[in-house]
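Everything on this sheet refers to the single structure shown next.
Read-outs throughout are calculated quantities, based only on the coordinates presented, and are distinct from any laboratory measurement. Small disclaimer: the values here were computed from a predicted structure and weren't measured. Positions of Cβ are backbone-derived with ideal geometry, glycine not excepted, and every protein chain shown enters the neighbour counts.
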Amino acid sequence: MGTRKLIMFGGTAVLLVGILLAPSLQAKGELVRGHELYKTNCASCHGEDGKGVKGVKAATLNNEGFLKIASDDYILKSMRAGRFNQNMTAFDHTKIPDEKAQLIIKNIRSFRPDIQPQDLKNERIVGDPVKGEAYYKQVCAACHGPNGEGGIGSSITDPGFLNAATDEFILKSVTTGRPGTSMPAYPDTQELRNTISFLRSKQIPLDVAQENAEKKKAEEKAAK
Ligand code: HEC
Ligand code: HEC
């Protein structure tokens, strides 16, 4: 091979390797950025590895039972709404634009690359909320509070939670449980479906929840 041919060949080879490596480098870059964004915005409560932080009450995001059923959409909606009864502020588009939010979700998924979220249908759960309230008080209230306001377990009447969670997500949360936490797995029964109707009946729109929160803040300020 002449020198010119050799240079051309070398150049083509470098280009080829570059083309082959680019996507994986890009994926790696995304993971690094996702990790940084997560570290800055979320790790103080949920832990850098999703395991949570000692002394801070927040869900463990690396939980198998959570990652199995949480869709990207549920995680995004949770971020956008925050939690009202619990210590998580809302991250709107000005704080975290969509593109960055997706990188954060990728980072959360990377905690357990072996777990793919199930493809949940958007089935509406039909049940009797009055019967559901009785079952809730009997079985769930000890951990989630008499009115779902939270206790050992999270607040499951929180407007941020109810607006992010589909009926299927709530049902599967309960039938899967959260291994490694005190949340047991329960069988899928009509009583449980009634309980989901009861929780749903407590839902208020996010803008109303926002107004209520602002009113409460103003009242607390005035009382000082
Ligand atoms: C100041 C503390 C705090 C920060 C910061 C925070 N969270 Fe949360 N987060 C909470 C609490 C408290 C809950 C509700 C408790 C629960 O669901 O068990 C929660 C719930 C969630 C849930 C629902 C979990 C579940 O089990 O259904 C997701 C998803 C979530 N947070 C994602 C994020 C992401 C992503 C960030 C960063 C952009 C973030 N959080 C920042 C405290 C925090
Ligand atoms: C012994 C205590 C206990 C009992 C009883 C219990 N839970 Fe839980 N539950 C928990 C804990 C703790 C968590 C949060 C786990 C975590 O950190 O991810 C939880 C999480 C949940 C979640 C997920 C919330 C979220 O933010 O994603 C739902 C939904 C739920 N429980 C519903 C129920 C229902 C309905 C019942 C009754 C049929 C029930 N639980 C009974 C302790 C309990």
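How long are the three semi-axes of the equivalent ellipsoid of segment 45-223, in whole Å, if each is the root of 5 times an eigenvalue of the C-alpha gyration tensor, listed from largest down?
Gyration-tensor ellipsoid for segment 45-223: 24, 23, 16 Å.
Inter-label distance, residue 207 to residue 21: 5.2 nm, where each label sits 7 Å from its Cα along the C-beta direction. Its alpha carbons considered, segment 148-193 gives a radius of gyration followed by a Dmax of 10.8, 26 Å.
Once you reduce segment 34-55 and segment 181-209 to the center of their Cα atoms, the two points are 27 Å from each other. Spacing of the modelled spin labels on residue 218 and residue 73, each 7 Å from Cα toward Cβ, amounts to 3.5 nm. In sequence order, segment 205-217 has phi-based couplings of x, 4, 5, 5, 4, 4, 4, 4, 5, 5, 4, 4, 4 Hz under the Karplus curve 6.51 cos²θ - 1.76 cosθ + 1.60, θ = phi - 60°, and Gly or Pro positions carry x. Maximal additional length on extending the residue 114-residue 152 stretch stands at 10.8 nm, based on 0.36 nm per residue less the C-alpha distance.
State which entries of 51/100; 121/216; 51/95; 57/121; 54/77; 172/202 exceed 27 angstrom in Cα-Cα distance in the structure shown. Violating the 27 Å Cα-Cα cut-off are 121/216; 57/121. Annotation: amide H-H contacts under 5 Å for residue 88 (H modelled 1.01 Å from N, sequence separation of 5 or more, or interchain): 83.
Seen from all directions on average, segment 90-142 presents a Cα convex hull projection of 7.0 nm².
For residue 28, the aspartates and glutamates whose Cα falls under 14 Å of its own Cα, not counting residues fewer than eight places away in the same chain, are 36. Residue by residue, segment 106-111 carries 3J(HN,Hα) couplings of 4, 5, 5, 4, 6, 4 Hz when phi is fed to the Karplus relation 6.51 cos²θ - 1.76 cosθ + 1.60 (θ = phi - 60°); x denotes Gly or Pro. Residue 92 sits among other residues whose Cβ lies under 14 Å from its own Cβ, and their net charge, with Lys and Arg +1 and Asp and Glu -1, is +2. Size estimate for segment 129-224 follows the Kirkwood approach: the inverse of mean 1/r over distinct Cα pairs works out to 14.3 Å. Coupling constants for segment 179-188 follow from the phi torsions by the Karplus curve (6.51 cos²θ - 1.76 cosθ + 1.60, θ = phi - 60°), and in residue order they are x, x, 10, 7, 6, x, 9, 10, x, 6 Hz; glycine and proline get x.
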